[in-house]
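Let me begin by presenting the structure, written as structure tokens, before commenting on it.
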Amino acid sequence: MKIGAHVSVAASYERAAAHAFEIGADTMQIFTSSPRSWRCSAPIPGQAARFLDARQRLGISPLVVHGGYLINLASADPVIRGKSVAACRGEIERALLLEADYLVVHPGSAKGRPAEQAIEAVAAGIAEATRGLEPRRLTLLLENTAGQGGALGSRLEELTSIRSLAAPQTSLEIAYCLDTAHCFAAGLDFLDSLTSLGPLLVPVIHANDSRTPFGSRVDRHEQIGRGYIGEKAFRRILTHPALATKAFILETPVEEDGDDARNIETLKRLCRKSRTTRTRSNQSG
């Protein structure tokens, strides 16, 4: 199991890897551009090479890139959709340059059109964004959502439909990223959702507690153990055998210095407790 966090690259990509290591992470997630802007610039090759060297030296793997929040391949607005396809292609190109393992994207909002049409638009947008690109080892991950507004992805069948439609149209591998807080807010059991999607198709978990109640459909992340999900549920998730080799990425709020390190240590502590309990049980048996 790998445990890490979303880390800023504002200082530099190399410094981001060092910071991830300092807070106890052995995997990391980054934005490659401002998530709330259409403007972006690719890292220069020297930056990418130094970043890769730092990650290899510090043992940080896999690298997860999160796509920008403005991307909406489901949009009925042709201008927004055109910008979204271009932005999605840019995200893929930068992820490839950085030799990332995964690119996480939100399915987008179906506002203004039926869900079925929106799903078809997302699949076609992925195909358009990836046309002519050599994916190498990069996998595109569709993330589940809390279901706020017209957001697709709070119903797992929407994610599976997008994947089944998009997969034949692109050489890029497509799988899923499950967010614990999003599942909770959408009124879904996390482990049931994992089983439904197929554990082999969920390589990355966004580990977030929830500030809002079960089924609220409101996406508000909280630090591990301080929200409605709680440590007991996270222990149940962390002990599930199907998740033993997954990458857990924290997207919890940083309200005080050291919050990321504390949340990473909380997940590690829950893992250690679980292993100790199982070992003692096996010995007594």
### Summary
For segment 235-257, the count of residues that are under 17 Å from Glu22 (Cα atoms) and without any contact (Cβ under 8 Å) to a residue 40 or more places away in the chain equals 3
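Only one residue in Leu243, Leu201 is closer than 30 Å to Gly132 by Cβ and either crowded, with 17+ Cβ neighbours inside 10 Å or among the acidic types (Asp, Glu) (or both). Which one?
On the way: Leu243 fails: closer than 30 Å to Gly132 by Cβ.
Unique residue meeting the criteria: Leu201.
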### Task
Would you tally the residues in segment 8-43 being part of a loop (DSSP other than H, G, I, E, B), touching a residue at least 40 places away in the same chain (Cβ under 8 Å) and either touching a strand residue (DSSP E or B) at 6+ places or on another chain (Cβ under 6 Å) or over 15 Å from Val254 (Cα atoms) (or both)?
9
### Query
Residues Glu116, Glu120, Glu128: which one is of a type in the set (Asp, Glu), under 18 Å from Leu159 (Cβ atoms) and touching a residue at least 12 places away in the same chain (Cβ under 8 Å)?
Glu120
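Answer yes or no as to whether His221 is buried (at least 20 other Cβ atoms within 10 Å of the Cβ), in contact with a Pro (Cβ under 9 Å, 6 or more places away or on another chain) and under 19 Å from His66 (Cβ atoms). Break it down stepwise before answering.
Working: buried (at least 20 other Cβ atoms within 10 Å of the Cβ): yes; in contact with a Pro (Cβ under 9 Å, 6 or more places away or on another chain): yes; under 19 Å from His66 (Cβ atoms): yes.
Considered against the rule, which asks whether it is buried (at least 20 other Cβ atoms within 10 Å of the Cβ), in contact with a Pro (Cβ under 9 Å, 6 or more places away or on another chain) and under 19 Å from His66 (Cβ atoms), His221 comes out as yes.
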### Task
Go through segment 75-132 and give me each residue that's out of contact with any Leu (no Cβ under 6 Å at 6 or more places or on another chain), within 22 Å of Thr160 (Cα to Cα), hydrophobic (A, V, I, L, M, F, W, C) and in a loop (DSSP other than H, G, I, E, B).
Ala76
### Message
Every residue in segment 181-198 that is buried (at least 24 other Cβ atoms within 10 Å of the Cβ) and small (Gly, Ala, Ser), please.
### Response
Ala181, Ala185, Ala186
### Query
Assuming Gly227 fulfils every condition listed in (1) assigned to a loop (DSSP other than H, G, I, E, B); (2) of a type outside the set (Ser, Thr, Tyr); (3) over 19 Å from the mean Cα position of the chain (by Cα); (4) at pLDDT below 95 apart from one, which condition is it?
(4)
#### Entry: Single match in Ala186, Ala175 (criterion: modelled with pLDDT of 95 or more and in contact with a helix residue (DSSP H, G or I) (Cβ under 7 Å, 6 or more places away or on another chain))
Ala175
### Task
Check whether at least one residue in segment 199-214 is assigned to a helix (DSSP H, G or I), of a type outside the set (Val, Ile, Thr), closer than 25 Å to Arg163 by Cβ and touching a helix residue (DSSP H, G or I) at 6+ places or on another chain (Cβ under 6 Å), and report yes or no.
yes
### Pick from segment 204-218, criterion surrounded by 20 or more Cβ atoms within 10 Å (Cβ to Cβ) and free of Cβ contacts under 8 Å to residues at least 60 places away in the same chain, ranking: nearest to Leu140 (Cα to Cα)
Ile205
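Can you tell me how many residues in segment 133-157 are in a helix (DSSP H, G or I) and under 17 Å from the mean Cα position of the chain (by Cα)?
Narrowing segment 133-157 to residues in a helix (DSSP H, G or I): 156-157.
Imposing the further condition that a residue be under 17 Å from the mean Cα position of the chain (by Cα) reduces the set to 156.
Here the count works out to 1.
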### Task
Determine whether Ala95 is closer than 22 Å to Arg55 by Cα and in contact (Cβ under 8 Å) with a residue 12 or more places away in the chain.
yes
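The values are calculated or read from the model by the stated rules, or taken from the named source; none is laboratory data. Worth saying up front: this structure is predicted, and the values here are computed from it rather than measured. Cβ atoms come from the backbone with ideal geometry, glycine included; neighbour counts cover every protein chain shown.
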